[in-house]
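Participant: Let me give you the structure first, and then I'll get to my questions.
The values are calculated or read from the model by the stated rules, or taken from the named source; none is laboratory data. For clarity, every value in this text was computed on a predicted model and none was experimentally measured. As a convention, Cβ positions derive from the backbone with ideal geometry for all residues, glycine included, and neighbour counts pool all protein chains shown. Note: accessible area is taken over every heavy atom of the protein model, side chains too, but ligands, DNA and RNA are not part of it. Shrake-Rupley method; radii C 1.70, N 1.55, O 1.52, S 1.80 Å.
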Amino acid sequence: MEASQIIFILSAILILSSAVLVTTSKNLVHAALWLISTLFGVAILYVLLDAGFLAVVQVVVYIGAIAIMFIFAVMLTRRELLDTSEQINKSWPMAAGVAALLMVALGALLAKWDGLFKLPAPMAEGVDPIQSLGIALTSPDLFVLPFEVASVLLLAALLGAVYVAMDKK
Amino acid sequence: MIPLAWYLYLSAALFSIGVFGVLARRNAIAILLGIELMLNAVNVNLVAFWRYGDPTVMSGQVFAVIVFAVAAAEVAVGLSLVYSIYRRRRTVIADELDLMKW
């Protein structure tokens, strides 16, 4: 076993166990904190996949902004946090069945594909993935239009969030 | 060297856990947490296919960046909706939000 495989298995255990705790813990602050641990495990996977920029963005945007916003939202709706009633609804066996069925179906679908055990080609010499990502995001021949549309989307979401949450009185 | 299958099965499992969270949780904020898990599973897939396909073509990573932006927008609007509902109805339990049901 190589070092990268051991790192993968450890981070997979981290991701899956904390994801289960995100969906099952009774206290929502704990669920949000377990989400941070899941997101951190995914950042480790990005490092293993030679996507260093995405790993940094995962930590800064997901852990630094999104997870903290969840904790804020939990605190603003504090009455539910103290509520000790059941956090899982009555039809949860059906939900578990749907999730298990989805897992089995995806697994069967993947097992039929012959490119499944492909190994990665070594990264080309002299090609910096971060540099090519930057060029791809700003070159008019590649993805500058989706990039700009994403910024407009973020602006619209910012204004929409402020408007929806604003106290109109 | 890690085979591609490991990443794909991991993200399938993460996505299924997210589906369970969305379907089974009662609290609206916890439902949004489940959606975050699903978006992360999709991103793992996108980056894995970028690395195991042709790493000089950056489409996979660019798509993942766009997913980051959409996730941020979705959380901002979703949480402000939850907060707005909480101010009016004093609840964030999804079962009790039947205003538009009948």
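Participant: What do you reckon, is B:Leu32 in contact with a Phe, Trp or Tyr (Cβ under 8 Å, 6 or more places away or on another chain), in contact (Cβ under 8 Å) with a residue 24 or more places away in the chain and surrounded by 19 or more Cβ atoms within 10 Å (Cβ to Cβ)?
Facilitator: Values: in contact with a Phe, Trp or Tyr (Cβ under 8 Å, 6 or more places away or on another chain): yes; in contact (Cβ under 8 Å) with a residue 24 or more places away in the chain: yes; surrounded by 19 or more Cβ atoms within 10 Å (Cβ to Cβ): yes.
Against the criterion (in contact with a Phe, Trp or Tyr (Cβ under 8 Å, 6 or more places away or on another chain), in contact (Cβ under 8 Å) with a residue 24 or more places away in the chain and surrounded by 19 or more Cβ atoms within 10 Å (Cβ to Cβ)), B:Leu32 qualifies.
Participant: For the stretch A:121-151, name all the residues that are exposed (fewer than 13 other Cβ atoms within 10 Å of the Cβ), more than 7 Å from every other protein chain (Cβ to nearest Cβ) and touching a Ser or Thr at 6+ places or on another chain (Cβ under 8 Å).
Facilitator: none
Participant: Mind listing whichever residues of the stretch B:6-18 are open to solvent by less than 20 Å² (accessible area, probe 1.4 Å), under 12 Å from the mean Cα position of the chain (by Cα) and among the hydrophobic types (A, V, I, L, M, F, W, C)?
Facilitator: Within the stretch B:6-18, B:Leu14 is the sole residue that qualifies.
Participant: Scan the stretch A:140-169 and report the pairs whose first residue is outside any helix (DSSP H, G or I) and whose second residue is polar (S, T, N, Q) and at pLDDT below 90, with Cβ atoms within less than 8 Å and a gap of 6+ or a chain change.
Facilitator: Hits for this filter: A:Phe143/B:Ser59.
Participant: Can you run down the residue pairs with Cβ atoms below 6 Å, 6 or more apart or on separate chains, where the first is in the stretch A:109-120 and at the interface with another protein chain (Cβ under 7 Å from one of its Cβ atoms) and the partner is assigned to a loop (DSSP other than H, G, I, E, B) and surrounded by fewer than 13 Cβ atoms within 10 Å (Cβ to Cβ)?
Facilitator: A:Leu119/B:Met1
Participant: Mind checking whether some residue in the stretch A:84-106 is acidic (Asp, Glu), open to solvent by 50 Å² or more (accessible area, probe 1.4 Å) and closer than 30 Å to A:Ala32 by Cβ? Give the derivation first.
Facilitator: Just the residues of the stretch A:84-106 that are acidic (Asp, Glu), to begin with: A:86.
Imposing the further condition that a residue be open to solvent by 50 Å² or more (accessible area, probe 1.4 Å) reduces the set to A:86.
Now drop any that are not closer than 30 Å to A:Ala32 by Cβ, which leaves A:86.
Yes - at least one qualifying residue is present in the stretch A:84-106.
Participant: I'd like to verify a number: residues in the stretch B:24-49 that are more than 10 Å from the chain's Cα centre (by Cα) and more than 7 Å from every other protein chain (Cβ to nearest Cβ), how many?
Facilitator: Of all residues in the stretch B:24-49, those more than 10 Å from the chain's Cα centre (by Cα) come to B:24-30, B:44-49.
From what's left, more than 7 Å from every other protein chain (Cβ to nearest Cβ): B:28, B:45-46, B:49.
Residues flagged as more than 10 Å from the chain's Cα centre (by Cα) and more than 7 Å from every other protein chain (Cβ to nearest Cβ) within the stretch B:24-49 amount to 4.
Participant: In the stretch B:75-102, which residues are without any contact (Cβ under 8 Å) to a residue 40 or more places away in the chain and of a type outside the set (A, V, I, L, M, F, W, C)?
Facilitator: To start, the set of residues in the stretch B:75-102 that are without any contact (Cβ under 8 Å) to a residue 40 or more places away in the chain comprises B:76-77, B:80-81, B:83-84, B:86-91, B:96, B:98-102.
Across the stretch B:75-102, the qualifying residues are B:Ser80, B:Tyr83, B:Ser84, B:Tyr86, B:Arg87, B:Arg88, B:Arg89, B:Arg90, B:Thr91, B:Glu96, B:Asp98, B:Lys101.
Participant: Pick from A:Ala111, A:Ala105, A:Ala100: which is over 30 Å from B:Ile85 (Cβ atoms) and more than 24 Å from the chain's Cα centre (by Cα)? Lay out the reasoning, then the answer.
Facilitator: Details: A:Ala105 fails: more than 24 Å from the chain's Cα centre (by Cα); A:Ala100 fails: more than 24 Å from the chain's Cα centre (by Cα).
None of the others qualify; the one that does is A:Ala111.
Participant: Looking only at the stretch B:54-93, count how many residues are of a type in the set (Phe, Trp, Tyr) and under 13 Å from A:Leu76 (Cβ atoms).
Facilitator: 2
Participant: Also, I was wondering about something else. List pairs: first residue in the stretch B:60-72 and open to solvent by 10 Å² or more (accessible area, probe 1.4 Å), second residue polar (S, T, N, Q) anywhere in the structure, Cβ distance under 6 angstrom, at least six positions apart or on different chains.
Facilitator: B:Val67/B:Asn43
Participant: From the list B:Leu46, B:Leu23, B:Leu79, pick out the single residue that is of a type in the set (A, V, I, L, M, F, W, C) and open to solvent by 50 Å² or more (accessible area, probe 1.4 Å). Let's see the steps before the verdict.
Facilitator: Working: B:Leu46 fails: open to solvent by 50 Å² or more (accessible area, probe 1.4 Å); B:Leu79 fails: open to solvent by 50 Å² or more (accessible area, probe 1.4 Å).
Sole residue among the options that is of a type in the set (A, V, I, L, M, F, W, C) and open to solvent by 50 Å² or more (accessible area, probe 1.4 Å): B:Leu23.
Participant: Please name all residue pairs, on different chains or six or more residues apart, with Cβ atoms under 6 Å, provided the first residue is in the stretch A:22-45 and is within 8 Å of another protein chain (Cβ to nearest Cβ) and the second residue is among the hydroxyl-bearing types (Ser, Thr, Tyr) and buried (at least 24 other Cβ atoms within 10 Å of the Cβ).
Facilitator: As it stands, the answer is A:Leu39/A:Tyr62, since those pairs meet every condition given.
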